[in-house]
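Take a look at the structure below.
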Number of protein chains: 2
Amino acid sequence: MTARSSGRHRKQNGASVTVSTSSTAILFVGVQVPRLTDARKELRRTQIAAAAVRCFSRNGLERTSIADITAESGLSAGSIYAHYRNKADLVRAAAREVLAKRADVIGEYAAADAPPDPDDLLSRLIAAIDPAEARVGVQTWGEATTDPAIREIVVDMTDRMRAMLHDCVTAWLVKVEHREPAVAREHATPIAHRVMALYQAELLYTALRTPIEVTTS
Amino acid sequence: MTARSSGRHRKQNGASVTVSTSSTAILFVGVQVPRLTDARKELRRTQIAAAAVRCFSRNGLERTSIADITAESGLSAGSIYAHYRNKADLVRAAAREVLAKRADVIGEYAAADAPPDPDDLLSRLIAAIDPAEARVGVQTWGEATTDPAIREIVVDMTDRMRAMLHDCVTAWLVKVEHREPAVAREHATPIAHRVMALYQAELLYTALRTPIEVTTS
DNA sequence: GTCTATACGATGATAGAC
DNA sequence: GTCTATCATCGTATAGAC
């Protein structure tokens, strides 16, 4: 992740802004703002990554060729390599995106005012599973078993998710079950662990049992 | 599973048997027995599959080349292709072997006289996990998301395992908890489901957190 | 059945024009 | 930045001798 900063907007305050090819644009003498084009660059990256995820969902991480991604994204090979150093880099980005999206879903419930009980929490998490992303998620698990970079991403995201679940369960124990915060945190650990495990199993189940939807376009 | 029949034993009834290179050996006029060499053939197949599993454990399903397997098995490419139609065929065989081994472990406990309670059952299953096989197992999950043949194998083995767990839990409910067999079977279903889920999660955990052991030879 | 050597296809990645 | 065209590499699978 050597991603650089980003900016945005075509025009700013109605003033016609000269976009240079350097990393910063000089609006007035001595005034520099982050390059507006950087946001586009980041947008392109996510656009490419999204296309890649769709391909991965259909054909798997390794069976997806750069040609597949060019077809899916509408861009060319050269353009893709202008945004990602190589295919492994793109795979890492896609893995992060998919796993982060999962973590975000958990984060929403974890931050709720009325924390759901563990069963309810699990039910909601399962209901939010997207089959296509579940497939890519499981693919990243497989890749993580041999690729250190992917493993780090997966382990990191998994730990983060577990921590969020722990917070959520703790909040439920304190607010609803009226336990002492200290004991709540302790009791929450094995519960969060189980919710996580059951969620992962359900993710696997969805990835295996849900038919691959055909891209309609 | 289009596994063919197999013979065994080097000698039969003390009679010295002439081993021909044809698919059947003619002992006496008109009397044919399954070729004794078939056992050897099957042995070679498992030998190759075992070498493949070791490679997969280190480098993954797709990153493992035929050259890797020749190096690991000590055989040549030609020899491997004499026993497996193609690489996909070999991968399927390896997947079956690994997943079946897992099912066997469960079968042992399921058939025990004094059925362990669910927690104990899970503990034993977890204790029997082999890190290298866990990795290949998780890899098959990833592959199953896009390869129909692998998916069928994984789903089949998973269902079989779950059924065994169901039998085990039912036996425990009947023999230890003294429930009626009918209600026991019904109550066993969600419990078996959970044991399975927690086992799968633990398998994933092991696959991700256990360092890849270096082949010492 | 097993080997060596090789053909062929696929794919990741680059060069250079625009 | 994006394209087209191309290269070089790698890996599956086969051919043919032993």
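Read-outs: derived from the displayed coordinates by stated rules, not from any lab. Keep in mind the model is a prediction, meaning the values are calculated, not measured. Here Cβ is always computed from backbone atoms with ideal geometry, including for glycine, and neighbour counts include all displayed protein chains.
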Apply the Karplus parameterisation 6.51 cos²θ - 1.76 cosθ + 1.60, with θ equal to phi minus 60°, to every residue of the range A:155-162 and state each ³J(HN,Hα) to the nearest whole Hz, in sequence, with x for glycine and proline.
4, 4, 5, 5, 5, 5, 4, 4
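Count the net charge of all other residues whose Cβ sits under 13 Å from the Cβ of B:ALA71, scoring Lys and Arg as +1 and Asp and Glu as -1. Don't skip to the end; give the middle numbers.
Numbers: positive: B:ARG54, B:ARG58; negative: B:ASP68, B:GLU72.
Charge balance in the 13 Å sphere: 0.
Say R0 is 25 Å: what FRET efficiency, to the nearest 0.05, do B:SER65 and A:SER65 get from their beta-carbon distance? Write down the numbers at each step before the final one.
Working: r = 17 Å, r/R0 = 0.69.
With R0 = 25 Å, the Cβ-Cβ based efficiency is 0.90.
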For the pair A:THR37/A:HIS178, report the inter-label distance in nm, with labels modelled 7 Å from Cα in the Cβ direction.
6.4
Could you name the aspartates and glutamates whose alpha carbon sits less than 13 Å from that of A:LYS87, not counting residues in the same chain fewer than 8 places away?
A:GLU62, A:ASP68
Give the calculated FRET efficiency between A:ALA100 and B:ARG85 to the nearest 0.05, with a Förster radius of 35 Å applied to their Cβ-Cβ distance.
0.30
Could you derive backbone 3J(HN,Hα) for the range B:56-73 from the dihedral phi with the Karplus parameters 6.51, -1.76 and 1.60 (θ = phi - 60°), listing whole Hz in sequence and x where the residue is Gly or Pro?
4, 4, 8, 10, x, 4, 8, 7, 7, 9, 4, 4, 4, 6, 5, 5, 6, 8
Return the inverse of the average 1/r over all pairs of distinct C-alpha atoms in the range A:104-217, which is the Kirkwood hydrodynamic radius, in Å to one decimal.
15.1
Copy-to-copy spacing for A:ALA82, label 7 Å out on the Cα-to-C-beta vector, in nm, shortest first?
5.4
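How shielded is A:143-155 by partner chains, expressed as the average number of their Cβ atoms within 10 Å of its Cβ atoms?
Details: counts 7, 8, 22, 15, 3, 1, 0, 1, 3, 0, 0, 2, 3.
Across the residues of A:143-155, the mean count of other-chain Cβ atoms within 10 Å is 5.
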GluC sites (Glu not before Pro), restricted to the range B:116-183: which are DSSP loop and have at most 12 other Cβ atoms within 10 Å?
B:GLU177
Summing +1 per Lys or Arg and -1 per Asp or Glu among the other residues with Cβ less than 11 Å from B:ARG54's Cβ gives -2
Which of the aspartates and glutamates could be linked to A:LYS101 by a straight reach, that is with a Cα gap under 19 Å, when you skip same-chain ones fewer than 8 residues away?
A:GLU42, A:ASP89, A:ASP130, A:GLU133, A:GLU143, A:GLU152, A:ASP156, A:ASP159, A:ASP167, A:GLU202
If the chain between B:ALA112 and B:ARG160 were fully stretched, how many nm would it gain, using 0.36 nm times the residue separation less the Cα-Cα distance?
15.5 nm
Please report which chain B residue places its beta carbon nearest the axis carrying chain B onto chain A, with the distance rounded to a whole angstrom.
B:GLY142, 1
Applying the Karplus parametrisation 6.51 cos²θ - 1.76 cosθ + 1.60 with θ = phi - 60° to the phi angles of the range B:117-129, what ³J(HN,Hα) value in whole Hz is obtained for each residue in order, glycine and proline being reported as x?
6, x, 4, 5, 4, 4, 4, 5, 4, 5, 5, 8, 5
